[in-house]
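Before any comments, here is the structure.
The values are calculated or read from the model by the stated rules, or taken from the named source; none is laboratory data. Everything numeric in this text was worked out from a predicted model, so none of it was measured. As a convention, Cβ positions derive from the backbone with ideal geometry for all residues, glycine included, and neighbour counts pool all protein chains shown. Side chains are part of the model used for accessible areas, which takes the heavy atoms of the whole protein and leaves out ligands, DNA and RNA. Shrake-Rupley method; radii C 1.70, N 1.55, O 1.52, S 1.80 Å.
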Amino acid sequence: MDKRQNKNHFSYFSFLDMPQKDPCQKQACEIQKCLQANNYVESKCQAVIQELRKCCARYPKGRSLVCSGFEKEEEEKLTVKPTSK
């Protein structure tokens, strides 16, 4: 294999190994912008937070790194046991 073929071979496999863009990255960035603009008062950013939740719901668990916090939150809700009196 000459250098040119080797380079093309390497480039082909590098392309396959590249991580895919996070499908909900845009919504995560919008949350950060909103929080910064509103002195980190979460209640003022509920609309953009809901948009991220909608985005996360469209993809399988584990597909979006930015959704991992919501996924963990949902798991915790399911495992919380009611307190007995």
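Numbers below:
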quantity	calculated
Failed criterion for P23 (all others in (1) open to solvent by 70 Å² or more (accessible area, probe 1.4 Å); (2) at pLDDT 85 or above hold)	(1)
Tabulated pairs, segment 61-85, first at pLDDT 75 or above, second open to solvent by 70 Å² or more (accessible area, probe 1.4 Å) and not in a helix (DSSP H, G or I), C-beta under 6 angstrom, 6+ apart or interchain	E71/K61
Tabulated pairs, segment 32-58, first farther than 20 Å from S68 by Cβ and at pLDDT 95 or above, second aromatic (F, W, Y) and not in a loop (DSSP other than H, G, I, E, B), C-beta under 6 angstrom, 6+ apart or interchain	none
Residue that is nearest to E73 (Cα to Cα), among those in segment 28-60 that are open to solvent by 80 Å² or more (accessible area, probe 1.4 Å) and in contact with a Cys (Cβ under 8 Å, 6 or more places away or on another chain)	Y59
